[in-house]
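Let me begin by presenting the structure, written as structure tokens, before commenting on it.
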Amino acid sequence: MKSSIKRFLSDERGVTAIEYGILAAAMAAAIGVIFGSDGVFVTALKERFSSIAEQITNTDNPGTE
């Protein structure tokens with residue numbers, strides 16, 4: 001019985017897959033926090049895209065600012 005438990009605890013097969021799963025879950029949580037609410041990052045991104053869209057719309061002479 002002891003040898004079975006020892007063998008089970010020393011078996012490292014599948015550990016990498018578990019580590020990648022934990023890493024993926026952490027990244028998904030971070031992305032959810034960053035993009036999930038209208039925080040500073042999302043607000044700045046929206047403002048920048050609005051500015052770019054306005055510049056494109058107001059351009060009289062293509063190729064110049």
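Go over the candidates I31, I56 one by one and state the one that is surrounded by 10 or more Cβ atoms within 10 Å (Cβ to Cβ) and of a type in the set (A, V, I, L, M, F, W, C).
Testing whether each residue is surrounded by 10 or more Cβ atoms within 10 Å (Cβ to Cβ) and of a type in the set (A, V, I, L, M, F, W, C) leaves just I31.
Okay, residues lined up against (1) over 24 Å from the mean Cα position of the chain (by Cα); (2) exposed (fewer than 10 other Cβ atoms within 10 Å of the Cβ); (3) β-branched (V, I, T); (4) in a loop (DSSP other than H, G, I, E, B):
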| site | (1), (2), (3), (4) |
| --- | --- |
| L9 | yes, yes, no, no |
| E12 | yes, yes, no, yes |
| T16 | no, yes, yes, no |
| D38 | no, yes, no, yes |
| E47 | no, no, no, no |
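Values quoted throughout were computed directly from the atomic coordinates according to the rules given, and no laboratory measurement underlies them. As the structure is a computational prediction, the values presented were derived from the model and not from experiment. All Cβ positions, glycine included, derive from the backbone under ideal geometry; neighbour counts span all protein chains shown.
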